[in-house]
Amino acid sequence: SGSAGMYNGRSLIATAPRPGGSWRVVQHEGFHQFAHKVIKGHLPVWLNEGLAEYFGRGVWTGDKLVVGLISKGSLGRVQGAIKGDSLMPLGKMLEMSQKDWNSKLSSRNYLQAWSMVHFLVHADNGKYQKALSGYIRDLSTGRSSSAVFRKWFGSNTKAFQACYVQWWTRLPDNPTAELYERIKVFTLTSYLARAYSTRREFEN
């Protein structure tokens, strides 16, 4: 209830919640489909939804999906949640079940899960990427999520959350501005290349 889309193991369903919003839902649910078919192991709900949001926010240029974007609005919401002390404690987020997540869908939970994944992928020049890959790889074998998290990220969740908070609060106002400009160039290049290959011309 209240969801814009779902993947139930058989079907991928997406609605159009707003103009232009349906493709983002498809990308989000598409990751769930990928995780089910390829990773196979049980991903904790925060990671499953966080990764789905990460890829759902990506922009398709015509040739590739560009990920790692942070909109000004999303940055403001994350920093506002940190400042207002309204984030869920990391330990609780890590242990959250799918049933608890689904019982009351919260945009803040999606935001926090996405921001956690983004931190693990991009913070400190990719410092946590290897650990994140190892974490996902171990999860695919069916091992306990909390035990695997401690193995790769340590048992001090408060210290880990402090690093997350520090990184997000120190970001500039528009941290991925250059990436957005690159997307424009990639998209125009993709269209122009197709036009050239099909011998189409533009008047200006």
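The helices (runs of 4 or more DSSP H) falling completely within region 138-204 include none with 3 or more residues that are touching a Cys at 6+ places or on another chain (Cβ under 9 Å).
Among residues of region 19-41 that are under 24 Å from Asp138 (Cβ atoms) and open to solvent by 90 Å² or more (accessible area, probe 1.4 Å), none has a beta-carbon under 7 Å from a residue that is assigned to a helix (DSSP H, G or I) and hydrophobic (A, V, I, L, M, F, W, C) at least six positions away or on a different chain.
Residue count for region 3-43, restricted to those that are of a type outside the set (Ser, Thr, Tyr) and not in a helix (DSSP H, G or I): 19.
Among the residues of region 98-107, is there at least one that is closer than 30 Å to Lys64 by Cβ, at pLDDT 95 or above and out of contact with any Cys (no Cβ under 6 Å at 6 or more places or on another chain)? No. Look at Thr61 and say whether it is surrounded by 14 or more Cβ atoms within 10 Å (Cβ to Cβ), polar (S, T, N, Q) and over 29 Å from Trp23 (Cβ atoms). Judged against the criteria, Thr61 is not a match.
Here's the yes/no breakdown for (1) under 19 Å from Ala113 (Cα atoms); (2) under 19 Å from the mean Cα position of the chain (by Cα); (3) in contact (Cβ under 8 Å) with a residue 60 or more places away in the chain:
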position: Trp152; (1), (2), (3): yes, no, no
position: Thr157; (1), (2), (3): yes, no, yes
position: Ala162; (1), (2), (3): yes, no, no
position: Trp167; (1), (2), (3): yes, yes, no
position: Thr198; (1), (2), (3): no, no, no
position: Glu201; (1), (2), (3): no, no, no
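For region 171-182, the criterion of being in contact (Cβ under 8 Å) with a residue 12 or more places away in the chain and within 30 Å of Glu95 (Cα to Cα) is met by at least one residue. The helices (runs of 4 or more DSSP H) located wholly in region 58-123 that include 2 or more residues which are free of Cβ contacts under 8 Å to residues at least 12 places away in the same chain occupy 72-83, 98-103.
Is it the case that Thr189 is surrounded by 12 or more Cβ atoms within 10 Å (Cβ to Cβ), under 19 Å from the mean Cα position of the chain (by Cα) and closer than 29 Å to Gly62 by Cβ? No; evaluated as a whole, the condition is false for this residue.
The values are calculated or read from the model by the stated rules, or taken from the named source; none is laboratory data. Not measured: the values here are computed from a predicted model. All Cβ positions, glycine included, derive from the backbone under ideal geometry; neighbour counts span all protein chains shown. Calculation scope for accessible area: heavy atoms of the full protein, side chains included, ligands and nucleic acids excluded. Shrake-Rupley method; radii C 1.70, N 1.55, O 1.52, S 1.80 Å.
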